[in-house]
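Just so it is clear, none of the values below were taken in a lab; they were calculated from the coordinates. Here the structure is a predicted model, which is why all the values come from computation and not from measurement. Please note: Cβ atoms are built from the backbone with ideal geometry, for glycine as well, and neighbour counts cover all protein chains shown.
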Amino acid sequence: MKKQYVVIGCGRFGSSVAMKLTELGEEVMVVDKNEEIIQTISESVTYAVQADATDEQTIRSLGIRNFDVAVVTIGSDIQSSILITLMCKELGVKYVISKAQNELHGKVLYKTGADRVVFPEREMGVKIAKNLVSDNILDYIELAPDYSIVEIVALERWIGKNLRQLNIRARYGVNVMAIKQGYDIKVAVGPEDVIREGDVLVVIGHNDDLNRIDKS
């Protein structure tokens, strides 16, 4: 069953979230007070509404309570993002994700009722930094402050050996979730799977352990 999403604020982050959700087949309404932005995005989403989401009567009239998820992406206007997050929760939205500008903003959003707070700029900065300091790490997803998932290109010394021989879990304390081989991905990995040149391993673990892989 499809969920219904409302994305409030159509800057670069909000627009990319809304268009990707629509691309994935979800029903998405976007709300922004800028008419030009609404006209630009209208053909890329299910519904596009020009409105001031900080006005309670306006947001009520949009039927906000009928949406499963609200994504509040007005990070630069802290007061508005807090107010809209609060109204979304009070009006009955089941799950609210809000974009924060900084840690203090994030704490207030959580206290206001946000179910999840995201820091897109910070998260992208961390991802870029991780990629810069390691030639082998292709992608990085932070699950929690101390745990992550990384895509790491098979090290030269791994090539031609299977997972049993490499003993990655015992040696590094991390788990191999999948192996990407070109356009194919194998998720049911086993101890006899042999690592080939160009393979990408999807690995989960504590950040300290993940960092040891590239340095050992």
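Summary table below
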read-out: Order of CYS10, CYS88 - criterion: other Cβ atoms within 10 Å of each residue's Cβ, fewest first; value: CYS10, CYS88
read-out: Efficiency of FRET from Cβ geometry, GLU151 and GLU90, R₀ 35 Å, rounded to 0.05; value: 0.30
read-out: Cα-based Rg of the chain normalised by 2.2 N^0.38 Å, two decimals; value: 1.25
read-out: Computed label-point distance, nm, for sites ILE78 and ASN162 using a 7 Å Cα→Cβ extension; value: 5.7
read-out: Spin-label pair TYR47/ASP208, simplified geometry with 7 Å Cα→Cβ offset, distance in nm; value: 5.1
read-out: Fully extended contour minus Cα-Cα distance, from ASP115 to ALA144, at 0.36 nm per residue; value: 8.9 nm
read-out: Extension reserve of the ARG12-THR58 stretch, reckoned as 0.36 nm per residue once the Cα distance is removed; value: 14.2 nm
read-out: Rel. contact order, % - alpha carbon contacts under 8 angstrom, at least six apart, region 4-118; value: 22
read-out: Along the chain, longest interval not containing exposed GluC sites (Glu not before Pro), exposed being DSSP loop plus at most 13 other Cβ atoms within 10 Å; value: 1-191
read-out: Residue-averaged 222 nm ellipticity for the chain, from DSSP H runs of 4+ at -39500 (n - 2.57), nearest 500; value: -10500 deg cm²/dmol
read-out: Local electrostatic count at HIS206 - Lys and Arg +1, Asp and Glu -1, tallied over other residues with Cβ under 10 Å; value: -2
read-out: Potential lengthening between ASP184 and ASP68 on full extension [0.36 nm per residue; Cα-Cα distance subtracted]; value: 38.4 nm
read-out: Exposure proxy ranking, count of Cβ atoms within 10 Å, fewest first, for SER44, SER61; value: SER61, SER44
read-out: Charge-dipole axis of the chain as Lys and Arg at +1 and Asp and Glu at -1 on Cβ define it, positive-most pick from TYR172, SER98, SER148; value: TYR172
read-out: Cα gyration tensor of region 4-118 - equivalent ellipsoid semi-axes, whole Å, descending; value: 20, 15, 14
